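The values are calculated or read from the model by the stated rules, or taken from the named source; none is laboratory data. Quick caveat, the model's predicted, so the values are computed rather than measured. Cβ atoms come from the backbone with ideal geometry, glycine included; neighbour counts cover every protein chain shown. Please note that ligands, DNA and RNA were not included when accessible areas were found on the heavy atoms of the full protein model with its side chains. Shrake-Rupley method; radii C 1.70, N 1.55, O 1.52, S 1.80 Å.
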Amino acid sequence: MDHFARKLLAWYDRHHRDLPWRVGPADKAEGTLPDPYHVWLSEIMLQQTTVQAVKPYFDKFLARWPRVDDLAAADTDAVMAAWAGLGYYARARNLKKCAEVLARDHGGRFPDTFDDLKALPGIGDYTAAAIAAIAFDRPEAVVDGNVERVVTRLFAIETPLPSAKPEIRARTKEMTPQERPGDFAQAMMDLGATLCTPKRPACVLCPLREECTALAGDDPQRFPLKMPKAARPVRRGAAFVAETADRKILLRTRTEKGLLGGMAEVPTTGWTARTDGETGTDAAPFAADWRSKGEVVHVFTHFELRLAVFHAERAEGPVSGGRWTKIAALGEEALPSVMKKAITQAIPDAFKASRERP
DNA sequence: AATACGTGGCC
DNA sequence: TGGCCAAGTAT
């Protein structure tokens, strides 16, 4: 085992984070490996998502679907609703598909190699390596955003991301030990998350400070270098919150593919790049006494949405392609955050009401 | 290979 | 306060 791995594992034994899906080094020393289902579920949720955001969702999913077979047998709508708010909803659809494949073709068990894991829906290079290393003790190179930061600093890699990825992978592979590869992967990620942070890294506490090339230089924080990002355009549209006298609102389900795929929404116009600011009620789903309720702004990864919100009270009647849903039952719907924002703008107590009547 | 894909927290 | 960032994947 090389110098880096030995020092890092010693640090991990003392300073590892305790996380709900993790088996700590003390328990692992007695031969206990974490449940692959827990590792998989957490890794999918953690893709581009903070630990803090994931925790309550992980607990909720595990309580409701304790084993992968339970998830395979679940209603897709229920899974989407449980995922609502966590973002990147293709993850939830692939999670369900993956559970079904495992239940049908693998007897409800996870494969234990990188290649077989990577063949599953929603599992890419990172997640396949992470599950293989953490749940099955296989010495795979696990490279996430934390590892990219740690490694580019350790070796002062001047190539910007994403061009530097092959070099980072090669370096990580060299460092990954045959023994405790799962702990090593988690140690690298813990180091990146707690000490080798993007801003103001705590180098004085770092177990690798003596061998860090970036620290020997003048400014470790400048790593990793990154290619400049494209500007985020603004798109505009209108959302229509139709409410009946008995407190129902009109919802639709978005198509499976694309933005917010398979999630619930209130009727909206298209979201276009036009900047004239003109958003009228001509595109409303039906004629009603639409009242303007102002605008909500929501920032997606690649554009900013400014949604003009309209509210109609005492709306009624059958509407094709939509469903009238009790405001008190909105908590069971797969509503993404942007839609909760729009509904709250029109009906401030909408989600308070749904909480009061479980 | 470059782009689409959410959300919330932080400074 | 606006940009950056978080355990990436699919196409």
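Of everything in region A:155-166 that is touching a residue at least 60 places away in the same chain (Cβ under 8 Å) and closer than 17 Å to residue A:220 by Cα, the residue that is most open to solvent (accessible area, probe 1.4 Å) is A:158. When region A:79-111 is filtered for residues that are on the phi > 0 side of the Ramachandran plot and within 16 Å of DNA strand B (Cβ to nearest atom), the ones remaining, listed by number, are A:85, A:87, A:88. Residues in region A:80-105 that are away from DNA strand C (no atom under 16 Å from the Cβ) and either within 17 Å of residue A:38 (Cβ to Cβ) or surrounded by 17 or more Cβ atoms within 10 Å (Cβ to Cβ) (or both): A:80, A:81, A:82, A:84, A:103. Does residue A:54 meet the test of being open to solvent by less than 40 Å² (accessible area, probe 1.4 Å), touching a Ser or Thr at 6+ places or on another chain (Cβ under 8 Å) and outside any helix (DSSP H, G or I)? Considered against the rule, which asks whether it is open to solvent by less than 40 Å² (accessible area, probe 1.4 Å), touching a Ser or Thr at 6+ places or on another chain (Cβ under 8 Å) and outside any helix (DSSP H, G or I), residue A:54 comes out as no. Which residues, counting only those in region A:167-218, are open to solvent by less than 50 Å² (accessible area, probe 1.4 Å) and β-branched (Val, Ile, Thr)? Passing the criteria: A:168, A:172, A:176, A:197. When we screen A:50, A:76 for residues that are of a type in the set (Val, Ile, Thr) and either at positive phi or free of Cβ contacts under 8 Å to residues at least 12 places away in the same chain (or both), the only hit is A:50.
Condition first: touching a residue at least 12 places away in the same chain (Cβ under 8 Å), within 16 Å of DNA strand B (Cβ to nearest atom) and not aromatic (Phe, Trp, Tyr). Now tell me which residues in region A:113-154 satisfy that. If the condition is that a residue be touching a residue at least 12 places away in the same chain (Cβ under 8 Å), within 16 Å of DNA strand B (Cβ to nearest atom) and not aromatic (Phe, Trp, Tyr), then A:121, A:122, A:123, A:125, A:127, A:143, A:144, A:145, A:146, A:148, A:149 are the ones that fit.
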